[in-house]
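Worksheet: the structure to be examined is printed underneath.
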Amino acid sequence: MRLVVREGKPMNLVARSLAVVAVAAAIAVPAQEFRERKDYFKLPVPVETRDPDKIEVVEVFSYGCIHCYQLEPILNAWVLAQGDDVDFHRVPMATRNLRTLAQAFYTAKELDVLAKVHMPMFENIHDYGIDMSRPQMIRRMFETQAGVDEEEFARMFDSFAIATRVRQADAQTRLYRVQGTPTIIVNGRYLVDTVSAGSAEGMLLVVNHLLAKERAEREVQAAQGGVGEQAPTSPTG
């Protein structure tokens with residue numbers, strides 16, 4: 001099978017316009033009212049964030065998820081619009097059938113080529129129907145898209161470090177109680193998904209609401225000289 005390896009394939013004009021409109025809406029309607037247990041859920045036990053000085057936003061995703069692929073342009077534009085107090089990062093679902101795709105994500109991060117292979121992973125699966133759960137297909141894509149040679153890829157992809165990251169991701173998503181992708185976790189306390197929010201754009205509206213809520217709580221705590229809610233140790237340490 002010929003591997004399609006297109007880097008940064010441009011979205012069509014309609015898709016770009018929709019992404020811009022969606023992000024504009026998500027930024028322009030921060031005061032909209034949302035309700036717990038309807039539009040979002042509070043985790044029964046908060047999960048420690050990696051930087052307590054910032055408000056963490058985590059996207060739990062999978063390359064095999066078409067809805068994650070559709071969310072990407074909207075989410076990326078949203079991330080660029082955030083202030084310095086927001087710490088955004090991604091955690092891949094790493095259940096047994098998704099473990100190889102999670103390996104690909106962390107291998108790309110460790111080799112510092114994620115920017116070159118992230119979207120092509122989605123495109124190969126959803127636009128071209130390529131089975132990217134096969135390590136040999138991932139290897140070929142890394143080589144073509146990012147210049148990673150076979151030996152370097154194999155050494156990292158099969159390493160103990162990557163296996164550890166994948167196990168930690170699986171443990172973290174279990175702590176988050178994630179049922180599907182995409183899911184967004186706000187500051188280790190709140191869960192938002194497309195079912196509760198209604199759409200990808202709706203997720204970001206809810207996330208904006210929760211960011212405002214977290215900022216308001218921090219202002220109150222700072223004024224009172226108090227300490228926020230304590231969280232258990234994160235599996236990613």
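The values are calculated or read from the model by the stated rules, or taken from the named source; none is laboratory data. All figures in this text were calculated on a predicted structure; none of them were measured in a lab. Using ideal geometry, Cβ is built from the backbone for each residue, glycine included, and neighbour counts are taken over all protein chains shown. Keep in mind that these areas ignore ligands, DNA and RNA; they rest on the heavy atoms of the full protein, side chains included. Shrake-Rupley method; radii C 1.70, N 1.55, O 1.52, S 1.80 Å.
Please determine whether any residue of segment 104-115 is in contact with a Phe, Trp or Tyr (Cβ under 6 Å, 6 or more places away or on another chain), of a type outside the set (Phe, Trp, Tyr) and over 30 Å from Asp39 (Cα atoms).
Pass one, segment 104-115, residues in contact with a Phe, Trp or Tyr (Cβ under 6 Å, 6 or more places away or on another chain): 107.
Subset that is of a type outside the set (Phe, Trp, Tyr): 107.
Narrowing the set further to residues that are over 30 Å from Asp39 (Cα atoms) leaves 107.
Among the residues of segment 104-115, at least one is in contact with a Phe, Trp or Tyr (Cβ under 6 Å, 6 or more places away or on another chain), of a type outside the set (Phe, Trp, Tyr) and over 30 Å from Asp39 (Cα atoms), which makes the answer yes.
Count, please, the residues in segment 200-214 that happen to be of a type in the set (D, E, K, R) and closer than 10 Å to Asn187 by Cβ.
Of all residues in segment 200-214, those of a type in the set (D, E, K, R) come to 201, 213-214.
In the following step, the residues that additionally are closer than 10 Å to Asn187 by Cβ were identified as 213-214.
Summing the residues that are of a type in the set (D, E, K, R) and closer than 10 Å to Asn187 by Cβ in segment 200-214 gives 2.
Can you list the helices (runs of 4 or more DSSP H) found entirely within segment 71-179 that contain at least 1 residues being among the hydroxyl-bearing types (Ser, Thr, Tyr) and surrounded by 14 or more Cβ atoms within 10 Å (Cβ to Cβ)?
Per the criteria, 99-110, 135-146, 160-176.
Within segment 190-205, can one find any residue that is of a type outside the set (A, V, I, L, M, F, W, C), within 15 Å of Pro46 (Cα to Cα), under 16 Å from the mean Cα position of the chain (by Cα) and at pLDDT 95 or above?
Initial filter on segment 190-205 (of a type outside the set (A, V, I, L, M, F, W, C)): 190, 193-194, 196, 198-199, 201-202.
Add one more test, that the residue is within 15 Å of Pro46 (Cα to Cα), and what stays is 190.
So of that shortlist, the ones also under 16 Å from the mean Cα position of the chain (by Cα) come out as 190.
When the remaining residues are screened for being at pLDDT 95 or above, the result is 190.
Yes - at least one qualifying residue is present in segment 190-205.
From (1) modelled with pLDDT of 95 or more; (2) over 20 Å from His118 (Cβ atoms), pick out the condition that doesn't hold for Gly237.
Here Gly237 clears every test but (1).
Are there any pairs with C-beta distances below 7 angstrom linking a residue in segment 40-59 that is at pLDDT 95 or above to a residue that is assigned to a loop (DSSP other than H, G, I, E, B) and open to solvent by 70 Å² or more (accessible area, probe 1.4 Å), with the two at least 6 apart or on different chains, and if so which?
Leu43/Arg177; Pro46/Glu229; Glu48/Thr233; Glu56/Arg50
Which residues, counting only those in segment 209-234, are at pLDDT 90 or above and closer than 29 Å to Arg165 by Cα?
Once the filter is applied, which keeps residues that are at pLDDT 90 or above and closer than 29 Å to Arg165 by Cα, segment 209-234 yields Leu210, Leu211, Glu214.
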